[in-house]
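The values are calculated or read from the model by the stated rules, or taken from the named source; none is laboratory data. Quick caveat: nothing in here was measured; it's all calculated off a predicted structure. FYI the Cβ positions are ideal-geometry reconstructions off the backbone, even for glycines, and counts take in every protein chain you see. Surface accessibility is based on the protein's heavy atoms, side chains included, excluding ligands, DNA and RNA. Shrake-Rupley method; radii C 1.70, N 1.55, O 1.52, S 1.80 Å.
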Amino acid sequence: MLRYFKLVAAAAALTAAPLQSAIADGPPANWEASIDEAVLPELGRVLAEPIVAFAIKAQNARYTGLAQADIDALDAQWRKEHETEAQPLISAILSNPVSSYLTRVQAQSIGLYTEIFVMDDNGLNVGQSNISSDFWQGDEAKWQKTFQVGPRAIFIDEPEFREDVGIWVVQVNLAIDAADAAIGAATFEINLTELDRRRPKG
């Protein structure tokens, strides 16, 4: 039995070593340049599809004049639905055309995008590629530093290491404009480890 525990401990140590090394090494070198050169132009093309602006404008019209108490209630409903089988709000968002489009974009990126979601002028999710923990993003920098700044605002957050899958990721956030006015915002979580793997070497 003692020998078994020693083998288990040794295996755990071998698994932990590469993980600790990846964390200590930090995100891939020159990741900012890779985002600027390879990622931002493509994100612009993704968001230029008419379905994105159409969906945002429709939700903006639906929720015009929404009070903060109403926003909080929708967010609370979303969080509650996480714990129940009945999920009318979550299902309505995840099954709408823009969510289907974003899900397809994520799948076609073959690991480069790990999450995509689009927000309206209240900071509420309009569409998303997978389920999020909350419905309202208006209290977060991803919306405040894009939509509230202007139609061409871009905010790139700090990289984070995902221990569960052993990759570095970063959220790239952009305002979405129509006729030189911000109508909403979008967040793309980028797999920096995969982005670095695709960079030409040498």
So if I place +1 on the C-beta of Lys and Arg and -1 on the C-beta of Asp and Glu, and nothing else carries charge, what would the dipole magnitude of the chain be about its Cα centre? I want it in debye, nearest 20.
680 debye
Mind giving me the nanometre distance, one decimal, between the label points for residue 139 and residue 89, set 7 Å out from Cα along Cα→Cβ?
1.3 nm
Principal-axis tilt of helix 2-25 within the chain, Cα atoms, nearest 10 degrees:
50 degrees
Accessible area (Å², per residue) of the stretch 69-115, counting only protein heavy atoms and a probe of 1.4 Å:
56 Å²
I need the phi-derived Karplus couplings for the stretch 188-201: 6.51 cos²θ - 1.76 cosθ + 1.60, θ = phi - 60°, integer Hz, Gly and Pro marked x.
10, 8, 9, 7, 5, 5, 5, 4, 5, 4, 7, 5, x, 9
Modelling each spin label as a point 7 Å along the Cα-to-Cβ direction, I'd like the residue 79/residue 164 distance in nm, to one decimal.
1.9 nm
Cα-Cα pairs above 20 Å in the chain: how many percent?
61 percent
With Cα coordinates, the longest principal axis of the chain makes an angle with the long axis of helix 97-108, in degrees rounded to 10, of 30 degrees
Between residue 49 and residue 110, what is the label-to-label distance in nm when each label sits 7 Å out along the Cα-to-Cβ direction?
1.8 nm
List the residues whose amide H sits under 5 Å from the amide H of residue 177, counting only those 5 or more places along or on another chain, with H placed 1.01 Å from N in the peptide plane.
183
In degrees, nearest 10, the alpha-carbon axis of helix 68-81 is tilted away from the dominant principal axis of the alpha carbons of the chain by 40 degrees
Unit charges at the beta carbon, dipole of the chain: most positive-side option, 89, 106, 73:
106
Work out how much length residue 61 to residue 40 would gain on full extension: take 0.36 nm times their residue separation and subtract the Cα-Cα distance, in nm to one decimal.
4.7 nm
Calculate what fraction, in whole %, of the accessible area of the stretch 50-174 sits on carbon and sulfur atoms when a 1.4 Å probe is rolled over the protein chains.
53 percent
